[in-house]
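Here the structure comes first, spelled out in structure tokens, and everything after it is commentary.
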Amino acid sequence: MICAGTLQNTAQSSLPVLIAKFYPAAVCTTGASWMYVIGRFSVVVGTTCMGYLVNNIGWSQIFTILAMPAAVMTLCMLIKNMSEATHDSARFPLSQQDAE
């Protein structure tokens, strides 16, 4: 449980690096603010929900519930990475070897 909390906190702390890719420069600070607000809200809600879950259901069900957001975020990041790769290949059709 401690490991899951640590990794989730680390993931949230690492997201500001991606702001430049998700938001254009004109709205970068607004995007960062929304990201922090939603993150802080989820900390409060997550703690409350975890207390409820510990008192009412088993640990295996708790780990299943905790794995769902991680799986969804992983899928979202893979889709973003694939769309960027497609966009970059359309923008730069020649590879480095072809350019030489």
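The values are calculated or read from the model by the stated rules, or taken from the named source; none is laboratory data. Since this is a predicted model, take the numbers as computed values, not measurements. With ideal geometry, Cβ positions are generated from the backbone for all residues, glycine too; neighbour counts draw on all protein chains shown.
Table for the structure above
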item	result
Single residue of the range 14-30 satisfying the filter (of a type in the set (Gly, Ala, Ser) and under 17 Å from residue 77 (Cα atoms)) that is surrounded by the fewest Cβ atoms within 10 Å (Cβ to Cβ)	14
Candidate set: the range 75-90, residues that are farther than 19 Å from residue 19 by Cβ and of a type in the set (Ser, Thr, Tyr); chosen: the one modelled with the highest pLDDT	86
Options 67, 4; residue that is under 19 Å from the mean Cα position of the chain (by Cα), assigned to a helix (DSSP H, G or I) and modelled with pLDDT of 80 or more	67
Contacts under 8 angstrom Cβ, first residue in the range 30-44 being closer than 16 Å to residue 13 by Cβ, partner surrounded by 10 or more Cβ atoms within 10 Å (Cβ to Cβ) and of a type in the set (S, T, N, Q), 6 or more apart	39/12
Selection count where residues are within 25 Å of residue 16 (Cβ to Cβ), loosely packed, with under 11 Cβ neighbours inside 10 Å and of a type outside the set (Gly, Ala, Ser), scope the range 49-73	2
